[in-house]
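Note sheet for the following structure.
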Amino acid sequence: YKKIKAPERWLLNVKAMESLAKQMDAKYFVFIQPTMGLLGVQSKLPKNKNSKDYKLLTELIKNQKYILELNSFYNSIRVYCKKLEFCFDISNEASPKGNFYTDPRHHNKDGNKIIAEKIYKIISKEF
């Protein structure tokens, strides 16, 4: 048994899924999802200090170990994603501007609408 680091396991998984999709004559897409705490727009506190996103992000940034692990993982998979024609990095979409997150990892309906529109634009270009 060989222990595989999370980014390499991610790469193996998406390549396997893409291979299976090809066998079924289907087109495969993988998206690097947005999540609170990523360096850049996903770590920027919203102006409204009373918003849910502000409260969630304020609590999240206290956990520096998690932030470091999250960003390390994302930095690694972004490098892999750039080399895969079926991978799209949408991690800067639906940033915490007020009320887009349910919890630090998951968007609410408003955030998901933004993400869905971005995914639709990408997929529609491919067909």
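Quick notes
- Cys87 satisfies every condition listed in (1) open to solvent by 70 Å² or more (accessible area, probe 1.4 Å); (2) closer than 24 Å to Phe127 by Cα except (1).
- Residues in the stretch 90-127 that are surrounded by fewer than 17 Cβ atoms within 10 Å (Cβ to Cβ), among the acidic types (Asp, Glu) and under 30 Å from Lys49 (Cβ atoms): 3 in all.
- Any hit, the stretch 53-74, residues being in contact (Cβ under 8 Å) with a residue 40 or more places away in the chain and of a type in the set (S, T, N, Q): no
- In summary, Ile32 fulfils each of the numbered conditions (1) of a type in the set (A, V, I, L, M); (2) under 30 Å from Lys125 (Cα atoms); (3) open to solvent by 50 Å² or more (accessible area, probe 1.4 Å) with the single exception of condition (3).
The values are calculated or read from the model by the stated rules, or taken from the named source; none is laboratory data. Since this is a predicted model, take the numbers as computed values, not measurements. Because the Cβ atoms are built from the backbone with ideal geometry, glycine has one as well, and the counts that use them run over all protein chains shown. For the accessible areas, the whole protein counts, side chains as well, though only heavy atoms, and no ligand, DNA or RNA atoms are used. Shrake-Rupley method; radii C 1.70, N 1.55, O 1.52, S 1.80 Å.
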